[in-house]
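Colleague: Here you go, one structure.
The values are calculated or read from the model by the stated rules, or taken from the named source; none is laboratory data. Just so it is clear, the model here is predicted, and its values are computed rather than measured. Note: ideal-geometry Cβ built from the backbone for every residue, glycine included; neighbour counts use all protein chains shown. Please note that ligands, DNA and RNA were not included when accessible areas were found on the heavy atoms of the full protein model with its side chains. Shrake-Rupley method; radii C 1.70, N 1.55, O 1.52, S 1.80 Å.
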Amino acid sequence: MLPLTTGYFAGYQPMQVLFGLFAAAALTGAILIKDRNLKGMLWEALAVSLILMLGTYLAHNTIVNLANRKIATGFDFLDREARFEISESLIPYSAASTYGRAMLVGFLNTLKVSILGIILATILGVGIGILSLTRNWLVRQLAGGYVHFLRNIPVLLHIFLWYTAITNLLPPLRQALSPVPGIYLSQRGFFYPVPEPATGWTAALYGLIAGVVLAVAATRVARLRQDRTGEILPTGLVAILLVIGVPLIAWLVGGAPTAFSVPALKGFNFEGGTSISPEFFAVFGALSVYTSAYIAENTRAGILAVSRGQIEAGRTLGLSEGVILRQIILPQALRVILPPTTNQYLNLTKNSSLSVAVGYPDLVSISNTTLNQTGQAVECISIIMLVYLATSLATSALMNWYNRSIKVVER
Amino acid sequence: MFRSGAIWAVAALAVVGSVSAAYAGPTLDAVKKADVLKCGVNTGLGGFSIADSTGKWTGLDADVCRAIAAVALGDANKVKFVPLSAQQRFTALQNGEIDVLSRNSTWTLQRDTKLGLNFTNVTFYDGQGFMVPKKLNVKSAKELNGATICVQTGTTTELNLADYFRANSMQFKPVVIEQQQEVLGAFFAGRCDVYTTDRSGLASTLKNDAPNGGADYMVLPEIISKEPLGPAVRQGDEQWTDIVKYSVYALIQAEESGITQANVEDLAKTSKDPAVQGLLGTPNAEGKTSGNGEALGVDEAWAVRAIKAAGNYSEIYDRNIKPLGLERGINALWSQGGLMYSPPLR
């Protein structure tokens, strides 16, 4: 065994001994002491010490084994040049960037596909869930079929199916479909124009944010007023006007730029504009459609959990079916829907790790390459695990906070 | 009752606390004890290691496994082939799941040092190349600026690719997919302009996987990297390293000395050439042997068995690699303008 007197893992062996002593002390105390409360606490202390001891033992053993086999350890590699390219990235990246930055690119790609996937899965899921409860027999059967068909096929197959469909059914690059000039659809992806950077467009972006904030505020004010006076204001119309109008004015004030960067065939590929890759689209489509089947079932269960009396009371009051759905059923159903749907959000995020099967550069894909080039398996796998753990904990914290905010206020 | 349980718990703790890292014993002893050589190979690469319909492994890498088993255990059939992916291979060797890795792995400085491995020889000099559809009208890799390139993850291929394009100030878009079947699927569907991997892999793909017998595809002339492929063992067991190293050299020397699978046993009895006698452990006129076997820690007939297992290097090459359409090239013997050279086996 090598002496491990240097490095940041050197502390593990003394810690192991220390926890061992704690455990022994707790055990002796637990056996000798008569006081029931103190005895109980000492047994708990024993359990905790044993777990900590096992943990430090495993960590220490791993380090010693790696050192014995002369395998490099530590996270220094994160600061070395990655020397591989990544096909799509939300931040500037090149082969000259570090492994650390490459992993960040992978993490952002994971977040991108997860967040967009969650949004689409929610919209599809809630919609299908409501449709599966309509009185129309055909619609009900179609919604039921959607759920049963999609959730009974493994998610990896969904991803392969989407990818194969895109790369095999869409035309090659040079025969790309172009429904509108400047927009191209081919097996290399979806290419579309984007505005050339200009003050007007930046202003419009800020205008959009301001418009959304104003619309939310206006709706709040209208709601308070309705609670106080009973007067119903046209909130929908005002909100739409604000969301469209404010950025439009900002764009006009900013000089009304109209220059667009339009994709054009050049060399091997389209240049200009921007694109959505088939890899991203396959993962995004497959994950959101697959997860939407589960969310649809959660929604259906949530709606069925609302007592029929509530709906009948709404009808007695002469409310329209739409108002009953939005104002009476959904707010109550949400409390049932939310906890299992949080699970689905977490599943979607974790399932995005299957991206490497079709070449979407997510965290796992990038880490695999890093692992293979550096050979530092323990470190790379730890990073993957910690990042997924942190992301999942953050998602559930957010959802739990929302869940608490819509809880029934007991009076 | 409770107290005795507690005492046992303390005793167990003491044992757990004192156990340290598992001691890795000499590999040869472990192999002999198991009476089987665990050899890590590719999950399926034509010419190197691929299982046929009866489950028999064929290929250059698989034959190297057989030669080593013949030397270490006296029986070329005592090999357990462990198919490994690119990501699994080094970990499997480090952990002792396999005794030797013979899986078209490139010898590099960092793998030889930081991964705790030793590469013993080069059994095949490879290099990374590009395959394109003929209709792309590209004649050189230098014309590939802006191309989309399909590549399999878990290899040095990604790194060579990025290096080559950076060195030539060109851009490209990688599509990095985990499984070879999916990479090829994407490439042949037209998702990428180019497919890149080692030249041996391209030759195998062109012959076995390309639609229309490969008539619509071609391999570009550039070789963008050096990929010396060969077996690897764990660092720290010099005897085992030597056994693997000289098992392979015996095959190369056999080609040079004209010893084949068919004539090796005869030559071992009849040859009067001192070099051949030395290699095959034949006693000379005075009944003395070269002592090569003793030096390696095996018996003197080791090289006879290695050659008997799968033939000499050229027999192995002609049986496995030639059908892919790859001529000997730099893999010829040094005496024929190639790089294959065995140190004197004396």
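Colleague: Count the net charge of all other residues whose Cβ sits under 10 Å from the Cβ of B:Asn160, scoring Lys and Arg as +1 and Asp and Glu as -1.
Modeller: So the surrounding residues net to -2.
Colleague: Report the one residue of A:Ala102, B:Ile177, A:Val155 whose Cα lies farthest in the direction of the positive end of the charge dipole of the protein assembly as shown (charges on C-beta: Lys and Arg +1, Asp and Glu -1; origin at the Cα centre).
Modeller: So the residue we want is A:Val155.
Colleague: Tell me, what % of the accessible area of region B:128-225 is carbon and sulfur with a 1.4 angstrom probe?
Modeller: 46
Colleague: Let me see the pair-distance distribution of region B:32-74: every alpha carbon pair, 10 Å bin width, integer percents in order.
Modeller: 30, 49, 20, 1
Colleague: Further question: Nothing charged except the Cβ atoms of Lys and Arg (+1) and of Asp and Glu (-1): what's the magnitude of the dipole of region B:72-143 about its Cα centre? Round to the nearest 20 debye.
Modeller: 420
Colleague: Would you work out the charge dipole size for region B:186-243 about its Cα centre, treating the Cβ of every Lys and Arg as +1 and the Cβ of every Asp and Glu as -1, and quote it to the nearest 20 debye?
Modeller: For region B:186-243, the charge dipole is close to 200 debye.
Colleague: Can you check what the net charge comes to around B:Thr91, using other residues whose Cβ is under 12 Å from the Cβ of B:Thr91 (Lys, Arg +1; Asp, Glu -1)?
Modeller: Neighbourhood net charge equals +2.
Colleague: Output the residues of region A:240-277 meeting this criterion: accessible area (heavy atoms, 1.4 Å probe) in the chain alone minus accessible area with all protein chains in place is 10 Å² or greater.
Modeller: A:Phe268, A:Asn269
Colleague: Which FRET efficiency value, to the nearest 0.05, is calculated for B:Ser169 and A:Ile381 with the Förster distance at 56 angstrom and r the Cβ-Cβ distance?
Modeller: 0.95
Colleague: Further question: Return the lysines within reach of B:Lys272: Cα separation strictly under 20 angstrom, same-chain partners fewer than 8 residues apart disregarded; answer none if there are no such residues.
Modeller: Straight-line reach from B:Lys272, under 20 Å: B:Lys288, B:Lys308.
Colleague: Also, quick follow-up: Along region A:224-230, what does the Karplus equation 6.51 cos²θ - 1.76 cosθ + 1.60 (θ = phi - 60°) give for ³J(HN,Hα), rounded to whole Hz, x for Gly and Pro?
Modeller: Values, residue by residue: 4, 5, 5, 4, 7, 10, x Hz.
Colleague: Please identify which residues in region A:363-379 have an amide N closer than 17 Å to a label point set 7 Å out from the Cα of A:Leu108, following the Cα→Cβ vector.
Modeller: Within reach of a label on A:Leu108: A:363-367.
Colleague: So what J values fall out for region A:47-64 if you push phi through Karplus, 6.51 cos²θ - 1.76 cosθ + 1.60 with θ = phi - 60°, rounded to Hz, Gly and Pro as x?
Modeller: With coefficients 6.51, -1.76 and 1.60, one gets 4, 5, 4, 5, 5, 4, 5, 4, x, 5, 4, 5, 4, 5, 4, 4, 4, 5 Hz.
Colleague: Of the heavy-atom accessible surface of region B:248-327 (probe 1.4 angstrom), what whole percent is carbon and sulfur?
Modeller: Here carbon and sulfur together make up 51 percent of the probe-accessible area.
Colleague: Given the DSSP H assignment, sum -39500 (n - 2.57) over each helix run of at least 4 residues in chain A and divide by its residue total; what's the result at 222 nm in deg cm²/dmol, nearest 500?
Modeller: -22500 deg cm²/dmol
Colleague: Please report, in debye to the nearest 20, how large the charge dipole of chain B is about its Cα centre when each Lys and Arg carries +1 at its beta carbon and each Asp and Glu carries -1 there.
Modeller: Magnitude of the dipole: close to 540 debye.
Colleague: Mean-square fluctuation check for chain A, GNM, Cα pairs under 10 Å: which of A:Ala333, A:Ala23, A:Ala121 is largest?
Modeller: A:Ala23
Colleague: Counting only other chains, and only Cβ atoms inside 10 Å, what mean value do you get across the residues of A:67-76?
Modeller: Mean inter-chain Cβ contacts per residue within 10 Å come to 5.
Colleague: Is there a simple number for the mean count of other chain Cβ atoms within 10 Å of the Cβ of residues in A:122-135, and what is it?
Modeller: That works out to 0 on average.
Colleague: While we're on this one: Considering amide H positions built from the backbone, and no H for Pro or chain starts, which residues 5 or more places from B:Gln235, or on another chain, come under 5 Å of its amide H?
Modeller: B:Leu117, B:Asn118
Colleague: Provide a whole-number value for the mean count of partner chain Cβ atoms within 10 Å of the Cβ atoms in peptide A:359-369.
Modeller: 4
Colleague: Express as a percent, rounded to the nearest 5, the fraction of DSSP beta bridges in the protein assembly as shown (both residues included) that run antiparallel.
Modeller: Antiparallel bridges: around 65 percent, rounded to the nearest 5.
Colleague: Shifting gears a bit: Please say if chain A is rounded, prolate or oblate, where rounded means a/c under 1.5 for a ≥ b ≥ c the square roots of the C-alpha gyration tensor eigenvalues, and otherwise the choice is prolate for a/b larger than b/c and oblate otherwise?
Modeller: Judged from the Cα gyration tensor, chain A comes out oblate (a/c at least 1.5, b/c at or above a/b).
Colleague: Would you calculate a helix-derived [θ] at 222 nm for chain B, using -39,500 (n - 2.57) for each DSSP H run of n ≥ 4 and dividing by the full residue count, to the nearest 500?
Modeller: -11500 deg cm²/dmol
Colleague: Counting alpha carbon pairs within less than 8 Å and at least 6 residues apart, what relative contact order, in whole percent, applies to chain B?
Modeller: Relative contact order of chain B: 21 percent.
Colleague: Counting only other residues whose beta carbon sits under 15 Å from that of A:Ile329, what net charge do I get with K and R as +1, D and E as -1?
Modeller: Net charge around A:Ile329: +4.
Colleague: State in Å² the accessible area per residue of the protein assembly as shown; use a 1.4 Å probe, count heavy atoms of protein chains only, and round to the nearest integer.
Modeller: Accessible area per residue, the protein assembly as shown: 49 Å².
Colleague: Of the beta bridges DSSP finds with both residues in region B:128-225, what % are antiparallel, to the nearest 5?
Modeller: Approximately 45 percent, going by the DSSP bridge assignments.
Colleague: Also: Indicate, rounded to the nearest 5 percent, the antiparallel portion of the DSSP beta bridges found entirely in chain B.
Modeller: 50
Colleague: Ballpark to the nearest 100 Å², how much total accessible area do A and B bury together, probe 1.4 Å?
Modeller: So the total buried area for this chain pair works out to about 4200 Å².
Colleague: What are the residues whose amide H is under 5 Å from the amide H of B:Val175, where those residues sit 5 or more places off or on another chain and H is modelled from the backbone?
Modeller: Excluding prolines and chain starts, which carry no amide H, the hits are B:Ile149, B:Cys150, B:Val151.
Colleague: Give the Cα extents of the protein assembly as shown along the principal axes, in whole Å, largest first.
Modeller: For the protein assembly as shown, the Cα spread along each principal axis is 121, 88, 51 Å.
Colleague: Continuing with the same structure: Could you check the spin-label model distance between B:Gln336 and A:Arg220? Points 7 Å from the Cα along Cα→Cβ, value in nm.
Modeller: 8.4
Colleague: Report the equivalent ellipsoid semi-axes for region A:43-158 in whole Å, largest first, defined as the square roots of five times the eigenvalues of the gyration tensor built from alpha carbon atoms.
Modeller: 46, 28, 13
Colleague: Residue-wise, which Karplus ³J(HN,Hα) couplings in Hz belong to region A:94-105, taking 6.51 cos²θ - 1.76 cosθ + 1.60, θ = phi - 60°, and x for glycine or proline?
Modeller: Working through the residues one at a time gives 9, 4, 7, 6, 8, 4, x, 5, 4, 5, 5, 4 Hz.
Colleague: Which pairs, out of A:Lys70/B:Lys322; B:Lys80/B:Lys134; B:Lys38/B:Lys114; B:Lys33/B:Lys56; B:Lys80/B:Lys322; B:Lys80/B:Lys114, put more than 31 Å between their alpha-carbon atoms?
Modeller: Result: A:Lys70/B:Lys322; B:Lys80/B:Lys134 exceed 31 Å.
Colleague: By how many degrees, 0 to 90 and rounded to 10, does the Cα axis of helix A:137-151 deviate from the longest principal axis of chain A?
Modeller: So the inclination is approximately 30 degrees.
Colleague: Also, I was wondering about something else. Roughly to the nearest percent, how much of the accessible area of region B:25-125 is carbon and sulfur, given a 1.4 Å probe?
Modeller: 51
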